[in-house]
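Working notes, structure below.
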């Protein structure tokens, strides 16, 4: 006999709906362990059917393992799901998992955490995707993080000296201003070439001598490099200073930034 207490126990253990729990118990002849296996199989099927649905909302997680600091982006279909209590538990477990198991990249994380992901998809009823996983190695420096209050924007910054306040300030700078590189010399040449093409195209119909056009293009490129070089950006807490002015002998070794959906 399938009692209400048995259904409740299965519901408490799996988080699956009461109706699905009762159906699984009937199929398993009242054996709760067999019913869990039934639910797992059905959950995988239902979750995989949801996997093609768009995930435009989500949150960012920052954490650390024994040898690195990491950023993770987890996407949901709606902001409502991103605030769900079960989803928050999932995020906490995911962060702990990455701290303990230290996956090498996104592909390995997706493989290792596939079952837990399918379970939360079934529990919430929305498609959920781990879309980004990036690490900065701890060795040779000190890594600091900034996570915006809405949990949708975060950054990591690695310095060569132990400077917690400076590290947080620079991580906040990276979050707010999204630089392309630490210095202008580090900006990808392909990006600069594309900017040069754009600058030349905007002057194509201008009635100016070629040498003047060349100076304008150079000026635009220099401005682009300054705006997208972290150390050349005006400090968000004091625009009269540039980031290089507040470093005081400290070097920025690396940074990473992630915003939901970008």
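The values are calculated or read from the model by the stated rules, or taken from the named source; none is laboratory data. Just so we're clear, the structure is a prediction, and the values are computed from it rather than from any experiment. With ideal geometry, Cβ positions are generated from the backbone for all residues, glycine too; neighbour counts draw on all protein chains shown.
Which ones in the range 39-85 are modelled with pLDDT of 85 or more, outside any loop (DSSP other than H, G, I, E, B) and exposed (fewer than 13 other Cβ atoms within 10 Å of the Cβ)?
The one that is modelled with pLDDT of 85 or more, outside any loop (DSSP other than H, G, I, E, B) and exposed (fewer than 13 other Cβ atoms within 10 Å of the Cβ): 85.
Which residues, counting only those in the range 153-175, are surrounded by 15 or more Cβ atoms within 10 Å (Cβ to Cβ) and out of contact with any strand residue (DSSP E or B) (no Cβ under 6 Å at 6 or more places or on another chain)?
Passing the criteria: 163, 166, 169, 173.
Out of 114, 83, 101, which single residue is over 25 Å from residue 257 (Cβ atoms) and out of contact with any strand residue (DSSP E or B) (no Cβ under 6 Å at 6 or more places or on another chain)?
114
Somewhere in the range 206-214, is a residue within 30 Å of residue 134 (Cα to Cα) and in contact with a helix residue (DSSP H, G or I) (Cβ under 8 Å, 6 or more places away or on another chain)?
Within the range 206-214, not a single residue is within 30 Å of residue 134 (Cα to Cα) and in contact with a helix residue (DSSP H, G or I) (Cβ under 8 Å, 6 or more places away or on another chain).
Name every residue in the range 86-106 that is touching a helix residue (DSSP H, G or I) at 6+ places or on another chain (Cβ under 6 Å), within 16 Å of residue 126 (Cα to Cα) and without any contact (Cβ under 8 Å) to a residue 40 or more places away in the chain, in order of residue number.
Within the range 86-106, just 90 meets the criteria.
Can you pull out the residues in the range 88-128 that are modelled with pLDDT under 90 and buried (at least 18 other Cβ atoms within 10 Å of the Cβ)?
117, 118, 119, 120, 121, 122, 123, 124, 126, 127, 128
Here's the yes/no breakdown for (1) at pLDDT 95 or above; (2) more than 23 Å from the chain's Cα centre (by Cα); (3) farther than 29 Å from residue 132 by Cα:
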site	(1), (2), (3)
174	yes, no, no
229	yes, no, no
235	yes, yes, no
248	no, yes, yes
